[in-house]
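A quick write-up on the structure given underneath.
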Amino acid sequence: MALSDIELFARLIQCEAGGEGYSGMQAVAGVVMNRVNVGYGEYARVSNGGSIRNIIFQEGQFDCTREVIRGRYNPQNIYNMTPDQIHYDIAEWAIAGNRLAGMGWALWFYNPYSSTCRGFFPSQVGAFAFRVGNHCFYNPTDAYADT
């Protein structure tokens, strides 16, 4: 199945943040585009000049891109998603350069399944910036430049 970048992006937004409301989906879309556009570090190399597809499919980044996790079928993957217009609209909004107010250059998010977010993620390359719904978001620290 050959999917366009916008289709993949809409599916990723639905899969990773479909239950997090409009702001949650916008924040996740912002992380993807921040990774596409960051000019240094690991994601600059992965995006190879701005590839959304490379960022989405980077090994080990988004569980929704994997059909198998820990040896078990993952039914919540981008190939099983059927995005609605809102997911396409948010993808296009993010591609156009829009971000949530105060988002900064957040490059990571995760759901800690707790009421608190840890101060750094992963390791010391990201510092906690804000929370939207169940997801914690992290801006790069100076250590990210060495990745």
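The values are calculated or read from the model by the stated rules, or taken from the named source; none is laboratory data. The model shown is predicted, which means the values in this text are computed figures rather than measured ones. FYI the Cβ positions are ideal-geometry reconstructions off the backbone, even for glycines, and counts take in every protein chain you see.
ARG45 satisfies every condition listed in (1) surrounded by fewer than 18 Cβ atoms within 10 Å (Cβ to Cβ); (2) within 13 Å of the chain's Cα centre (by Cα); (3) assigned to a helix (DSSP H, G or I) except (2). In this entry, ALA106 passes the filter for residues that are hydrophobic (A, V, I, L, M, F, W, C), closer than 20 Å to ILE56 by Cα and part of a loop (DSSP other than H, G, I, E, B).
Would you check if GLY19 is closer than 19 Å to HIS87 by Cα, small (Gly, Ala, Ser) and assigned to a loop (DSSP other than H, G, I, E, B)? Judged against the criteria, GLY19 is a match.
Which members of region 105-133 meet the condition of being β-branched (Val, Ile, Thr) and under 19 Å from ASN34 (Cα atoms)? Answer for region 105-133, where residues must be β-branched (Val, Ile, Thr) and under 19 Å from ASN34 (Cα atoms): VAL125, VAL132.
For region 1-43, a tally of residues being more than 19 Å from LEU100 (Cα to Cα) and among the β-branched types (Val, Ile, Thr) returns 1. Only one of the numbered conditions (1) more than 19 Å from PHE128 (Cα to Cα); (2) buried (at least 17 other Cβ atoms within 10 Å of the Cβ); (3) within 14 Å of the chain's Cα centre (by Cα) is not met by ILE95, and that is (2). The residues on offer are ILE56, ILE86, ILE78, and the sole one that is touching a residue at least 24 places away in the same chain (Cβ under 8 Å), out of contact with any helix residue (DSSP H, G or I) (no Cβ under 6 Å at 6 or more places or on another chain), surrounded by 14 or more Cβ atoms within 10 Å (Cβ to Cβ) and of a type in the set (Val, Ile, Thr) is ILE86. Within region 22-41, the set of residues being surrounded by fewer than 18 Cβ atoms within 10 Å (Cβ to Cβ) and in a helix (DSSP H, G or I) comprises TYR22, SER23, ASN37, GLY41. Tell me whether region 102-110 contains one or more residues that are more than 15 Å from the chain's Cα centre (by Cα), touching a residue at least 12 places away in the same chain (Cβ under 8 Å) and surrounded by 12 or more Cβ atoms within 10 Å (Cβ to Cβ). No, that holds for no residue. Any residue at all in region 2-14 that is in contact with a Leu (Cβ under 7 Å, 6 or more places away or on another chain) and more than 17 Å from THR147 (Cα to Cα)? Checking region 2-14: not a single residue is in contact with a Leu (Cβ under 7 Å, 6 or more places away or on another chain) and more than 17 Å from THR147 (Cα to Cα). Against the numbered list (1) at pLDDT 95 or above; (2) small (Gly, Ala, Ser); (3) surrounded by fewer than 17 Cβ atoms within 10 Å (Cβ to Cβ), ALA10 comes up short only at (3).
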